[in-house]
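Chemist: A single structure is presented below for examination.
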Ligand SMILES: C[C@H](O)[C@H](O)[C@@H](O)C(=O)CO
Ligand SMILES: [Mn+2]
């Protein structure tokens with residue numbers, strides 16, 4: 001039986017009173033939450049396989065584990081799964097698509113020859129849903145990336161191929177942005193690195209910088225398109241050295257005025273991106289997030305409502321960065337229902353943002369300004385058990401999406417009627 005609206009609203013009114021006692025405007029917090037788009041990554045729905053049908057393994061130091069039935073095998077199935085997930089997530093969001101999800105009518109189109117027309121189906125789908133889109137060149141799962149090197153490759157022809165792919169993707173990103181009326185962020189992540197200690201750390205980085213400069217040489221109207229670059233500490237097979245490290249891309253983004261992408265799984269396990277946000281935003285205009293959950297390594301587990309997720313959201317809200325931080329997700333778990341994975345991860349991102357939005361920030365800041373660290377700690381701890389869940393339930397109700405765990409029943413019936421029929 002579905003959760004009833006009356007008790008949800010009664011709990012909300014009581015919760016609102018508790019927050020108002022602390023000076024929090026709950027209605028305004030909810031209005032702000034409704035305006036935050038999360039970019040949902042298409043690759044959770046099919047284990048990062050894409051639709052090129054080349055039989056290439058994922059490579060690039062990435063790994064997907066699990067064999068839960070129901071993986072989307074073609075664009076229509078993936079869009080259908082995304083539709084289901086989006087029905088269960090409050091608010092208006094975006095789609096983050098990889099180039100390997102091109103629709104080429106069975107024709108083999110090389111990655112350096114892909115065109116906006118190969119993404120028409122996605123653009124039309126997003127336009128119908130009034131959604132924006134983001135985009136990514138795919139520098140992995142390809143014979144020319146088989147040795148784990150692309151834009152930094154010493155072979156000029158291989159490097160040239162990937163440069164052409166990057167350029168093609170910027171054109172696709174620009175047409176997506178123009179068609180949908182909201183800038184498309186095209187994010188460059190490459191796997192390049194070395195398993196064992198390299199002798200030459202310098203020249204691959206010099207080559208990568210030159211390749212990126214060539215890719216970005218054409219200026220594109222920022223109303224349609226924005227460039228981002230994603231750093232990483234290590235991957236499977238690139239344990240000793242990653243060409244596009246954090247320092248490399250921080251310098252690149254700063255000197256070339258690009259958006260820096262911080263992936264929560266791309267740092268040493270004791271490092272957190274929540275602490276990096278205000279550091280890099282002191283100098284950079286904008287940041288793209290790949291919110292993920294690494295368990296011991298960059299394992300891309302589904303995002304849970306843990307301390308770091310809340311800290312990321314708090315940093316965005318407390319720092320007034322909502323218009324400078326673009327929030328995308330990056331996880332892929334094939335061991336559970338894939339639609340549920342999207343719903344759990346995205347609802348958690350939104351819940352973390354709501355927790356941050358209903359904080360009595362002014363009061364906390366006053367305590368801090370007065371060096372009243374006792375009251376700051378006491379209030380921060382008290383906030384953890386305030387009736388936030390009642391506010392979230394009301395938000396779901398007001399956005400016409402299932403309250404509480406009611407969404408799971410809908411995923412289960414979709415699994416029974418649709419996913420289980422896929423071989
Ligand atoms: C599939 C994504 O582009 C990929 O996960 C990338 O963003 C990444 O994080 C690689 O580790
Ligand atoms: Mn990422």
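The values are calculated or read from the model by the stated rules, or taken from the named source; none is laboratory data. Not measured: the values here are computed from a predicted model. Positions of Cβ are backbone-derived with ideal geometry, glycine not excepted, and every protein chain shown enters the neighbour counts.
Chemist: Return yes or no: is residue 100 within 14 Å of ligand 1 (Cβ to nearest atom), more than 22 Å from residue 336 (Cα to Cα) and surrounded by 19 or more Cβ atoms within 10 Å (Cβ to Cβ)?
Modeler: Yes.
Chemist: From the list 238, 211, 219, which one is away from ligand 1 (no atom under 13 Å from the Cβ), in a loop (DSSP other than H, G, I, E, B) and modelled with pLDDT of 95 or more?
Modeler: 219
Chemist: Within 16 Å of ligand 1 (Cβ to nearest atom), more than 26 Å from residue 284 (Cα to Cα), surrounded by fewer than 22 Cβ atoms within 10 Å (Cβ to Cβ) and in contact (Cβ under 8 Å) with a residue 24 or more places away in the chain - does that describe any residue in region 386-397?
Modeler: Within region 386-397, not a single residue is within 16 Å of ligand 1 (Cβ to nearest atom), more than 26 Å from residue 284 (Cα to Cα), surrounded by fewer than 22 Cβ atoms within 10 Å (Cβ to Cβ) and in contact (Cβ under 8 Å) with a residue 24 or more places away in the chain.
Chemist: Now for a separate question. If you check residue 226 against the conditions, is it more than 16 Å from residue 184 (Cα to Cα), away from ligand 2 (no atom under 16 Å from the Cβ) and either more than 21 Å from the chain's Cα centre (by Cα) or surrounded by 19 or more Cβ atoms within 10 Å (Cβ to Cβ) (or both)?
Modeler: Taking the combined requirement at face value, the residue does not satisfy it.
Chemist: Considering region 241-254 alone, what residues qualify as being in a strand (DSSP E or B) and surrounded by fewer than 19 Cβ atoms within 10 Å (Cβ to Cβ)?
Modeler: Selection gives 241 alone.
Chemist: Consider residue 77 against the criteria (1) in contact with a strand residue (DSSP E or B) (Cβ under 9 Å, 6 or more places away or on another chain); (2) outside any loop (DSSP other than H, G, I, E, B); (3) over 30 Å from residue 240 (Cα atoms): it satisfies all of them except one. Which criterion is unmet?
Modeler: Unmet for residue 77, out of (1) in contact with a strand residue (DSSP E or B) (Cβ under 9 Å, 6 or more places away or on another chain); (2) outside any loop (DSSP other than H, G, I, E, B); (3) over 30 Å from residue 240 (Cα atoms): (1).
Chemist: Among the residues of region 40-50, is there at least one that is in contact with a strand residue (DSSP E or B) (Cβ under 9 Å, 6 or more places away or on another chain), outside any loop (DSSP other than H, G, I, E, B) and more than 15 Å from ligand 1 (Cβ to nearest atom)?
Modeler: For region 40-50, residues in contact with a strand residue (DSSP E or B) (Cβ under 9 Å, 6 or more places away or on another chain), outside any loop (DSSP other than H, G, I, E, B) and more than 15 Å from ligand 1 (Cβ to nearest atom): absent.
Chemist: Return the residue satisfying two criteria in turn: it lies in region 257-276 and is within 13 Å of ligand 2 (Cβ to nearest atom) and in a strand (DSSP E or B), and of such residues it is farthest from residue 299 (Cα to Cα).
Modeler: Ranking the candidates gives 260 first.
Chemist: Mind listing whichever residues of region 297-318 are within 16 Å of ligand 2 (Cβ to nearest atom), part of a helix (DSSP H, G or I) and surrounded by fewer than 24 Cβ atoms within 10 Å (Cβ to Cβ)?
Modeler: Within region 297-318, 308, 309 qualify.
Chemist: Of the conditions (1) without any contact (Cβ under 8 Å) to a residue 40 or more places away in the chain; (2) in contact with a helix residue (DSSP H, G or I) (Cβ under 9 Å, 6 or more places away or on another chain); (3) farther than 21 Å from residue 283 by Cβ, residue 219 clears all except one; give me its number.
Modeler: (2)
Chemist: How many residues does region 133-158 hold that are surrounded by 21 or more Cβ atoms within 10 Å (Cβ to Cβ) and touching a helix residue (DSSP H, G or I) at 6+ places or on another chain (Cβ under 7 Å)?
Modeler: Number satisfying all stated conditions: 11.
Chemist: Determine whether residue 91 is over 24 Å from residue 205 (Cα atoms), part of a loop (DSSP other than H, G, I, E, B), in contact (Cβ under 8 Å) with a residue 24 or more places away in the chain and touching a strand residue (DSSP E or B) at 6+ places or on another chain (Cβ under 8 Å).
Modeler: It is true that residue 91 is over 24 Å from residue 205 (Cα atoms), part of a loop (DSSP other than H, G, I, E, B), in contact (Cβ under 8 Å) with a residue 24 or more places away in the chain and touching a strand residue (DSSP E or B) at 6+ places or on another chain (Cβ under 8 Å).
Chemist: Do you know which of the residues in region 52-71 that are touching a helix residue (DSSP H, G or I) at 6+ places or on another chain (Cβ under 9 Å) and surrounded by fewer than 16 Cβ atoms within 10 Å (Cβ to Cβ) is nearest to residue 328 (Cα to Cα)?
Modeler: 69
Chemist: Something else now. Regarding region 163-172, can at least one residue be identified that is more than 21 Å from the chain's Cα centre (by Cα), within 16 Å of ligand 1 (Cβ to nearest atom) and under 10 Å from residue 243 (Cβ atoms)?
Modeler: Within region 163-172, not a single residue is more than 21 Å from the chain's Cα centre (by Cα), within 16 Å of ligand 1 (Cβ to nearest atom) and under 10 Å from residue 243 (Cβ atoms).
Chemist: Follow-up. Return the total of residues in region 27-39 being surrounded by fewer than 20 Cβ atoms within 10 Å (Cβ to Cβ), assigned to a loop (DSSP other than H, G, I, E, B) and touching a residue at least 60 places away in the same chain (Cβ under 8 Å).
Modeler: 1
Chemist: Let me ask you something else. Taking the condition at pLDDT 95 or above and within 14 Å of ligand 1 (Cβ to nearest atom), does residue 285 pass?
Modeler: No: the conditions fail for residue 285.
Chemist: Just give me the residues in region 319-348 being outside any loop (DSSP other than H, G, I, E, B), within 16 Å of ligand 2 (Cβ to nearest atom) and either touching a helix residue (DSSP H, G or I) at 6+ places or on another chain (Cβ under 8 Å) or closer than 19 Å to residue 412 by Cβ (or both), in sequence order.
Modeler: 325, 327, 329, 341, 342, 345, 346
Chemist: Among (1) more than 16 Å from ligand 2 (Cβ to nearest atom); (2) farther than 15 Å from residue 39 by Cβ, there is one condition residue 93 misses while meeting the rest; what is its number?
Modeler: Answer for residue 93: the failing condition is (2).
Chemist: Since residue 190 meets every condition but one in (1) away from ligand 2 (no atom under 16 Å from the Cβ); (2) buried (at least 19 other Cβ atoms within 10 Å of the Cβ); (3) part of a loop (DSSP other than H, G, I, E, B), which condition does it not meet?
Modeler: Evaluating residue 190 over (1) away from ligand 2 (no atom under 16 Å from the Cβ); (2) buried (at least 19 other Cβ atoms within 10 Å of the Cβ); (3) part of a loop (DSSP other than H, G, I, E, B) leaves (1) as the failure.
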